[in-house]
Amino acid sequence: MNTLLHIRQLNKHFANGRHALRDINLDVARGEMVALIGASGSGKSTLLRHIAGLVAADGATQSLVEIDGRCVQQGGRIHRDIRQVRSQVGFVFQQFNLVARLPVLVNVLVGSLHRMPWWRSWMRIFNAQERALALDALARVGIADCHAQRASTLSGGQQQRAAIARTLVQGAKVVLADEPIASLDPESSRKVMEILARINREDGCTVVVSLHQVDIAMKYCPRVVALNQGQVVFDGPSSALTPELLHALYGVQAEELLRPAGPTGPVAAEGASVHVLPQPAVVSWATRPAKAA
Ligand SMILES: Nc1ncnc2c1ncn2[C@@H]1O[C@H](COP(=O)(O)OP(=O)(O)OP(=O)(O)O)[C@@H](O)[C@H]1O
Ligand SMILES: [Mg+2]
């Protein structure tokens, strides 16, 4: 496996005693598109924030997070060169995280700040080449005509597409998307997921996307990692995620994941085999459908 994301022995206890991540070990190959699923509170956001180096893991363990061979955090300490590593990581949030009063183009240009001398980034002086790159990224996500509008005037789906354009301008090797469609209507959700799938396919960008809905995960992501109470309870092809397996893994909470998010139809893939496992079994496929970049 040409590993891009390497996680070992990741544990997190919050100050209130909550054990939010339990011994996470995970490798994601370059160019994979992986869905992170799990009921509310299962640890999806916490895991993504650890991967981005926004939160440090417990200090007592030999935890390790690496992106493309570079350390994000180790043994509960964020690496001192985290800004450099983070420049390779595009983060897409449920709430878009754009600067509302700034034009869309400027929001997207923020993705190129890490390549500029400090004085240019401080004064937000962008050259013609950078502007062209940002316009191109907006065209790729289908909202070039909105480039001069304030971000606050865009629809939710358009704002999320602008946030993805920002990661394109950034040249991110990996996009971590935390419930990017949770606030969107079905049509906008479809567009956002298709854009994520396209940058994965066309740019070889590795995508890890947390989702509440299994039907969306199955449609767009060949591999699914399922969390329950901070633990990986399934890691394998999304086609294997039948309602029966989800019920075995999550009990009544499975209904939350099985609720269709949009017009994408039934959750179970026809003919998919059924695996019923005692909790907290971890299902792991040795031969994952890893896509080469
Ligand atoms: N800063 C914090 N302090 C204390 N507990 C926290 C903190 N952040 C998260 N938690 C707890 O850790 C657990 C995992 O939370 P997390 O937000 O990662 O879940 P999630 O899977 O993203 O849920 P959702 O689907 O609702 O977004 C939850 O029990 C949550 O209450
Ligand atoms: Mg979350």
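For the range 166-207, residues that are in contact with a strand residue (DSSP E or B) (Cβ under 9 Å, 6 or more places away or on another chain), at negative phi and within 16 Å of ligand 1 (Cβ to nearest atom) total 6. Quick one: how many residues across the range 73-105 are under 22 Å from E179 (Cα atoms) and β-branched (V, I, T)? Selection size over the range 73-105: 4. Within the range 146-160, is even one residue in contact with a strand residue (DSSP E or B) (Cβ under 8 Å, 6 or more places away or on another chain), in a strand (DSSP E or B) and within 20 Å of Q253 (Cβ to Cβ)? There is no residue in the range 146-160 that is in contact with a strand residue (DSSP E or B) (Cβ under 8 Å, 6 or more places away or on another chain), in a strand (DSSP E or B) and within 20 Å of Q253 (Cβ to Cβ).
Considering the range 1-51, and only residues there that are within 16 Å of ligand 1 (Cβ to nearest atom) and among the polar types (S, T, N, Q), the residue that is nearest to E179 (Cα to Cα) turns out to be S45.
For T153, indicate whether it is surrounded by 24 or more Cβ atoms within 10 Å (Cβ to Cβ), away from ligand 1 (no atom under 16 Å from the Cβ) and among the β-branched types (V, I, T).
No.
Among the residues of the range 181-205, the ones that are buried (at least 24 other Cβ atoms within 10 Å of the Cβ) and under 18 Å from R49 (Cα atoms) come to 1 in all.
State whether one or more residues within the range 22-31 are aliphatic (A, V, I, L, M), away from ligand 2 (no atom under 13 Å from the Cβ) and in a loop (DSSP other than H, G, I, E, B).
Of the range 22-31, the ones aliphatic (A, V, I, L, M) are 24, 26, 28-29.
If we keep only those that are away from ligand 2 (no atom under 13 Å from the Cβ) too, we end up with 24, 26, 28-29.
Now drop any that are not in a loop (DSSP other than H, G, I, E, B), which leaves none.
No, there is no match, as no residue in the range 22-31 is aliphatic (A, V, I, L, M), away from ligand 2 (no atom under 13 Å from the Cβ) and in a loop (DSSP other than H, G, I, E, B).
Right, A217: in a helix (DSSP H, G or I) and either modelled with pLDDT of 95 or more or buried (at least 23 other Cβ atoms within 10 Å of the Cβ) (or both) or not? For A217, the condition - in a helix (DSSP H, G or I) and either modelled with pLDDT of 95 or more or buried (at least 23 other Cβ atoms within 10 Å of the Cβ) (or both) - is met. Set side by side, the residues V233, V209 differ, and just one is in a strand (DSSP E or B), within 16 Å of ligand 2 (Cβ to nearest atom), β-branched (V, I, T) and out of contact with any Phe, Trp or Tyr (no Cβ under 6 Å at 6 or more places or on another chain), which is V209. A residue that is crowded, with 23+ Cβ neighbours inside 10 Å and within 15 Å of ligand 1 (Cβ to nearest atom) can be found somewhere in the range 56-73. Checking every residue in the range 71-84 against the condition of being out of contact with any Ser or Thr (no Cβ under 8 Å at 6 or more places or on another chain) and in contact (Cβ under 8 Å) with a residue 60 or more places away in the chain gives zero matches. Test of understanding: among G41, G90, G75, which residue is more than 16 Å from ligand 2 (Cβ to nearest atom), on the phi > 0 side of the Ramachandran plot and either polar (S, T, N, Q) or out of contact with any Leu (no Cβ under 6 Å at 6 or more places or on another chain) (or both)? Residue meeting the stated conditions: G75.
The values are calculated or read from the model by the stated rules, or taken from the named source; none is laboratory data. Bear in mind the structure is a predicted one, so any value in this text is a computation, not a measurement. Here the Cβ is made from the backbone with ideal geometry for all residues, glycine too, and neighbour counts use every protein chain on show.
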